[in-house]
C-alpha cells in the first residue's frame, strides 16, 4: 500500500466514523449499573449498521427471574419489531452486539430471554433507547 492509498484509507475511515450517531441506552432497575450506547450509521446499501457496547451488564442468569441471554430488538414507531440477534456478555460484564437492519427510524430494546430465536420480546426489557432517525 502506497502513501496515497494510506491517506485515502485514513480519510475514508474518518469520514465513516464521523457519520456515526451515538444513541444512549436507559437501563432498568434489573440492571441499575449498566451503562451503554449504540453507534449507528448507514452502510453502502442504505441499511443501518448498529454497534452496541454496554458496561457493567449483569449476566442474564443473575436476573430475577433468571434468563439465559439478552436479545437486541429494533422497534419501529408503528410497532413493527425485529429480532436483531443475541448480545454477548463477557466475563468482564461488557455486553456487545453488532448487527444490521433496514429500518431508518426506530428504537432499540434489549430484553432478557431464554432463547435467541424468539419472535416476540419478553416483558423483561433491560435497556431501551428513545426513537431516533438514522441520518
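The values are calculated or read from the model by the stated rules, or taken from the named source; none is laboratory data. All figures in this text were calculated on a predicted structure; none of them were measured in a lab. Heads up, the Cβs are rebuilt from the backbone with ideal geometry, glycines too, and the neighbour counts pull from every protein chain shown.
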Handout entry: Of the criteria (1) within 18 Å of residue 96 (Cβ to Cβ); (2) surrounded by fewer than 11 Cβ atoms within 10 Å (Cβ to Cβ); (3) more than 14 Å from the chain's Cα centre (by Cα), which one residue 32 fails
Key = (1)
Handout entry: strands (runs of 3 or more DSSP E) fully within region 40-102 counting 3 or more residues that are at pLDDT 95 or above, over 17 Å from residue 121 (Cα atoms) and touching a strand residue (DSSP E or B) at 6+ places or on another chain (Cβ under 8 Å)
Key = 48-55, 95-101
Handout entry: Unmet requirement for residue 44, which otherwise passes all of (1) under 21 Å from residue 106 (Cβ atoms); (2) more than 17 Å from the chain's Cα centre (by Cα); (3) surrounded by 13 or more Cβ atoms within 10 Å (Cβ to Cβ)
Key = (3)
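In region 88-109, which residue that is over 13 Å from residue 37 (Cα atoms) and surrounded by 17 or more Cβ atoms within 10 Å (Cβ to Cβ) is nearest to the chain's Cα centre (by Cα)?
Step one: list which residues in region 88-109 are over 13 Å from residue 37 (Cα atoms), which gives 88-93, 99-106.
Within this subset, residues satisfying the condition of being surrounded by 17 or more Cβ atoms within 10 Å (Cβ to Cβ) are 89, 99, 101, 103, 106.
Working: 89: 13, 99: 7, 101: 11, 103: 13, 106: 12 Å.
Here the residue is 99.
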Practice task
Could you run through region 17-39 and say how many residues are assigned to a strand (DSSP E or B) and within 18 Å of residue 71 (Cα to Cα)?
Solution key: 9
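Looking only at region 110-131, count how many residues are in a strand (DSSP E or B) and either within 13 Å of the chain's Cα centre (by Cα) or at pLDDT below 95 (or both).
Residues of region 110-131 that are in a strand (DSSP E or B), as a first pass: 110-113, 125-128.
From what's left, either within 13 Å of the chain's Cα centre (by Cα) or at pLDDT below 95 (or both): 110-111, 126-128.
Residues meeting the conditions: 5.
Could you identify the single residue in 76, 119, 112 that is surrounded by fewer than 16 Cβ atoms within 10 Å (Cβ to Cβ) and farther than 26 Å from residue 42 by Cβ? It would help to see each step written out before you state the result.
On the way: 76 fails: farther than 26 Å from residue 42 by Cβ; 112 fails: surrounded by fewer than 16 Cβ atoms within 10 Å (Cβ to Cβ).
Residue meeting the stated conditions: 119.
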